[in-house]
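Below you'll find the structure, written out as structure tokens, and then a few comments.
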Amino acid sequence: MKPVSLIQFLIEERRAGHINAELSLLIEVVARACKRIAVATGKGALGGVLGAAGTDNIQGEAQKKLDVISNEILLEANAWGGHLAACASEEMEDPQPIPDGYPRGQHLLLFDPLDGSSNIDVNISVGTIFSVLRCPDGVTEPVAEHFLQPGTTQLAAGYVVYGPSTLLVLTFGHGTHEFTLDREIGSFILSRRDIRIPAATGEFAINMSNQRHWEAPMQRYIGELLAGGDGPRGRDFNMRWVASMVADVHRIVTRGGVFFYPLDAKIRSKGGKLRLMYEANPMAFIVEQAGGAASTGRERIMELQPTGLHQRVPVFLGSKDEVELATHYHVEADGAQG
Ligand code: AHG
């Protein structure tokens, strides 16, 4: 089989009527920017890019130098192509308008430029996550409220993993597809078309150090997994936690599994740990398009009506059977409480 490049894939998607020329250009630009981020992360200590930037982002989290560099790369790449009305990022309080003098497009782009950045200094995989929305009709100067659209309205979502290989995983709502960066020719090449996540799994991902802070239904669900063959599930489960959502989700997209960042007593007032607009929604779209499920433990993530650009939510995603069971335990417990 002849290799299919990302560009060729995008042309096919246009011919199939799944995307228009502007969205195709947007994905090309994001992919090109991510190649630059891959180069920057790959240089490590030799590029002087490790360590803290000495600044905090809007969420009050200390920024790494590579958070700032990756954000700059994505903003600069997306400023001038005419495909965007505005961008929003984990690293910026407000959306960034397109600079004066450049044409404006119909799309809104949201991203977490470098997810899992606490892993950079220890040379563990990190990634970029992005989501694409349509700019509401008639809006020429988009502000935060114009981004507050449910995940079901996403036109595209993707992530790039900077790991042993650099991989792009992408959906336009017609399946989930993976591209591997051929570093010699500098192109993303289709490596898996129509990825499927099996409904059943024996592997889960959660930060167990938060166990004592979880809600009762989460305690019950994970307790049953840990009891393994001696418990009600009647079989053993394995656990993995990279603490880079992109890497954990990519494992699930590759061999199945289920990922949880539930509500716990420490983060209850914030609503969760992970961000809805540029982490949970795009990952939910990718996972659902691969046959998996994504919930907050109570509701389908993609049906939430966002209330803030940097809103946080609990995240359960991956193999359908496990997301549904953990969600069922939460809904049942809520019902019992009346
Ligand atoms: P950040 O974007 O600030 O690097 O956050 C990383 C996220 C996500 O990638 C990961 O799943 C989670 O935080 C890890 O959280 P813990 O450190 O609490 O395990």
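Considering only residues in segment 64-78 that are within 14 Å of the ligand (Cβ to nearest atom) and open to solvent by 20 Å² or more (accessible area, probe 1.4 Å), the one that is farthest from the chain's Cα centre (by Cα) turns out to be LYS65. Evaluate segment 12-23: report whether one residue or more is surrounded by fewer than 17 Cβ atoms within 10 Å (Cβ to Cβ) and within 21 Å of the chain's Cα centre (by Cα). No - not one qualifying residue is present in segment 12-23. In segment 51-61 there is no residue matching the filter, namely being out of contact with any His (no Cβ under 9 Å at 6 or more places or on another chain), free of Cβ contacts under 8 Å to residues at least 24 places away in the same chain, assigned to a helix (DSSP H, G or I) and within 13 Å of the ligand (Cβ to nearest atom).
Could you please let me know if GLY272 is under 23 Å from GLN59 (Cβ atoms) and in contact with a Lys or Arg (Cβ under 6 Å, 6 or more places away or on another chain)? So GLY272 passes the test. Does LEU276 satisfy the criteria of being out of contact with any His (no Cβ under 9 Å at 6 or more places or on another chain) and not basic (Lys, Arg)? Spelling it out, it is not the case that LEU276 is out of contact with any His (no Cβ under 9 Å at 6 or more places or on another chain) and not basic (Lys, Arg). Each residue in segment 176-197 was checked for being of a type outside the set (Lys, Arg), surrounded by fewer than 16 Cβ atoms within 10 Å (Cβ to Cβ) and under 17 Å from GLN289 (Cα atoms), and 1 of them qualify. Here PRO306 passes the criteria (1) touching a residue at least 40 places away in the same chain (Cβ under 8 Å); (2) more than 16 Å from the ligand (Cβ to nearest atom); (3) open to solvent by 10 Å² or more (accessible area, probe 1.4 Å) except the one numbered (3). The set of residues in segment 314-326 being open to solvent by 10 Å² or more (accessible area, probe 1.4 Å) and in contact with a helix residue (DSSP H, G or I) (Cβ under 9 Å, 6 or more places away or on another chain) consists of PRO314, LEU325. For segment 94-111, the criterion of being buried (at least 23 other Cβ atoms within 10 Å of the Cβ), within 16 Å of the ligand (Cβ to nearest atom) and under 19 Å from the mean Cα position of the chain (by Cα) is met by at least one residue.
Only a single criterion out of (1) part of a helix (DSSP H, G or I); (2) in contact with a strand residue (DSSP E or B) (Cβ under 6 Å, 6 or more places away or on another chain); (3) not hydrophobic (A, V, I, L, M, F, W, C) is not satisfied by GLY297, namely (1).
Within segment 227-259, being closer than 21 Å to PRO314 by Cβ, open to solvent by 60 Å² or more (accessible area, probe 1.4 Å) and of a type outside the set (A, V, I, L, M) holds for ARG240, TRP241. Restricting segment 242-279 to residues that are touching a Leu at 6+ places or on another chain (Cβ under 6 Å) and of a type in the set (A, V, I, L, M, F, W, C) leaves a set whose member that is farthest from the ligand (Cβ to nearest atom) is MET277.
The values are calculated or read from the model by the stated rules, or taken from the named source; none is laboratory data. Predicted model only: the values in this text are computed from it and were never measured. All Cβ positions, even for glycine, are placed from backbone atoms using ideal geometry, and neighbour counts span all protein chains on display. What goes into the accessible areas is simple: the full protein's heavy atoms, side chains included, and nothing from ligands, DNA or RNA. Shrake-Rupley method; radii C 1.70, N 1.55, O 1.52, S 1.80 Å.
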